[in-house]
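> Below is a structure I'd like to ask you about.
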Amino acid sequence: MSASQGPLKGLRVLDLTRVLVGPYATMQLADLGAEVIKVERPGDGDETRHVAPLQDGESHYFLAVNRNKLGLAVDMKRPEGKQILVDLARRSDVFIENFRPGVAQRLGLDYESLSKENPRLIYCSISAFGQTGPYASRSALDIAIQAMSGVMSITGEPGGPPTRLGLPMADLCGGLFAVIGVLSAVYERERTGRGQFVDFSMLDGMVGLLMYMATRVFMTAEDSPKIGTGHHGIVPYGAFPASDGYLVIANIGEAFWPKICAAIGRPELAADPRYDTNLKRVDRRQEVDALLAEAMSGKTVAEWDEVFERHDVPHAPILEISEVLRHPQVLARGMVGEFEHPTLGRFPALGRAIRFPDHEGEPLRPPPRLGEHNESVLRDLLGYTPEQIAKLRGDGVIGGGSAVDPGTSAQVEP
């Protein structure tokens, strides 16, 4: 049904996710060419359709994570609605949901039930804490996962309160991990001929990102303090003020320290016995940071950008999002595109982050209106007659509806 091109062309994904982590995962699959059928409840649809700001009734939030999908509005609590989803699962490669554990079983849309209908089905369940463990039945938002994963304890300025990451990283990394899990299962199915259950926990994902921070605790048995933009084991590293803004400097090993010293006009510091190794600089962090801050205060961000580039110092200006979206490198990579929206007209959108030269030029398609593809999915994919479709609509099993102001749970009840 979908005209999408890309490495995943021919892969059909039945998407029962809502809010962010699941829709972000399925959008990645759609961007890669999969045919994604997004299922929403009639009436209000996905909660994010109603998150401000809105333009002409369209939410920025929904637009951000639902492009390139087909839209189906089905009441899955009704027997006729459930049957539609079972029929679609028989014809799909992947089924993704982010219900609270136990909900899919009550609906009869769990892996055990659907795999009997389609043994090749890959079923991905995304939840806050996974299908097992003492917290399995709990729901949680991104910020709760950031808190419980330890990430907030190391984010923020020294002595300051715990700070949430600026991006909803538990949701975003969850979406990406879910895609990795799904594609791994697709690959294994090529060998075995059978699908499988993919159990993804947002907490698992964030704990998995702790990497060397966790290893540091394993090694020292000490928790890491907040250190702002700095690095616990590397100096200099972090944000430093120029006369009109900030730049970050990143130093690793010993090769870049002499280059930094030369760039700030203090070449003698490279051989200074107080600072000539990283371990010494870590011990004298405040002194080193103060030296750089004092040296950099006399030039603008643009001037330092040129100086550091000339001296091969790893650095970058700290940009506002509006600056990022018009940056020449970002534009050259096609990371700002657009789609043609039935209400908004030509509307800007982020481009695809993964590039395949063999599939360049595939246009972005707008997120679906609520239930936009009801008729085409039911008619063309499931073979429903116009009379059957009309009855389903008349009975309220399918359709669109009016907006409400719902909540935004990361794992949801239908």
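The values are calculated or read from the model by the stated rules, or taken from the named source; none is laboratory data. Quick caveat: nothing in here was measured; it's all calculated off a predicted structure. Cβ coordinates were reconstructed from backbone atoms using ideal geometry, including for glycine residues, and neighbour counts include every protein chain displayed.
> In the list F240, F218, F197, F256, which residue meets the criterion of being of a type in the set (F, W, Y) and farther than 30 Å from N278 by Cα?
On inspection, the qualifying residue turns out to be F197.
> State the number of residues belonging to segment 180-203 that are in contact with a Ser or Thr (Cβ under 9 Å, 6 or more places away or on another chain) and either part of a strand (DSSP E or B) or crowded, with 16+ Cβ neighbours inside 10 Å (or both).
Matching residues across segment 180-203 total 9.
> Quick one: is A293 over 23 Å from I227 (Cβ atoms), modelled with pLDDT under 95 and not aromatic (F, W, Y)?
no
> Which members of segment 363-388 meet the condition of being buried (at least 18 other Cβ atoms within 10 Å of the Cβ) and part of a helix (DSSP H, G or I)?
Matches in segment 363-388: N374, V377, L378, L381.
> Let me ask another. Being under 16 Å from V235 (Cα atoms) and not in a helix (DSSP H, G or I) narrows it down to one residue among V248, V288, V282; which is it?
So the residue among V248, V288, V282 that is under 16 Å from V235 (Cα atoms) and not in a helix (DSSP H, G or I) is V248.
> Would you point out which residue out of L331, L319 is surrounded by 12 or more Cβ atoms within 10 Å (Cβ to Cβ) and assigned to a loop (DSSP other than H, G, I, E, B)?
L319
So that you can scan it fast, the table gives a plain yes or no per residue for (1) under 25 Å from L183 (Cβ atoms); (2) modelled with pLDDT of 95 or more; (3) crowded, with 20+ Cβ neighbours inside 10 Å:
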| residue | (1), (2), (3) |
| --- | --- |
| L14 | yes, yes, yes |
| T17 | yes, yes, yes |
| G43 | no, no, no |
| T48 | yes, no, yes |
| G57 | no, no, no |
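> Here's another thing I want to ask about it. Could you list all residues from segment 285-334 that are in contact with a Lys or Arg (Cβ under 8 Å, 6 or more places away or on another chain) and more than 29 Å from P158 (Cα to Cα)?
Selection gives V307, H311, D312, R333, G334.
> State the number of residues belonging to segment 230-260 that are within 25 Å of M211 (Cα to Cα) and touching a strand residue (DSSP E or B) at 6+ places or on another chain (Cβ under 9 Å).
13
> Regarding G253, is this residue within 37 Å of the chain's Cα centre (by Cα), at pLDDT below 95 and surrounded by 14 or more Cβ atoms within 10 Å (Cβ to Cβ)?
No; evaluated as a whole, the condition is false for this residue.
> Here's another thing I want to ask about it. Would you mention how many residues in segment 110-132 are in contact (Cβ under 8 Å) with a residue 60 or more places away in the chain and buried (at least 19 other Cβ atoms within 10 Å of the Cβ)?
Residues in segment 110-132 being in contact (Cβ under 8 Å) with a residue 60 or more places away in the chain and buried (at least 19 other Cβ atoms within 10 Å of the Cβ): 11 in total.
> May I pose another question? Filtering segment 213-240 down to residues that are touching a residue at least 12 places away in the same chain (Cβ under 8 Å) and of a type in the set (S, T, Y), which residue is surrounded by the most Cβ atoms within 10 Å (Cβ to Cβ)?
Y237
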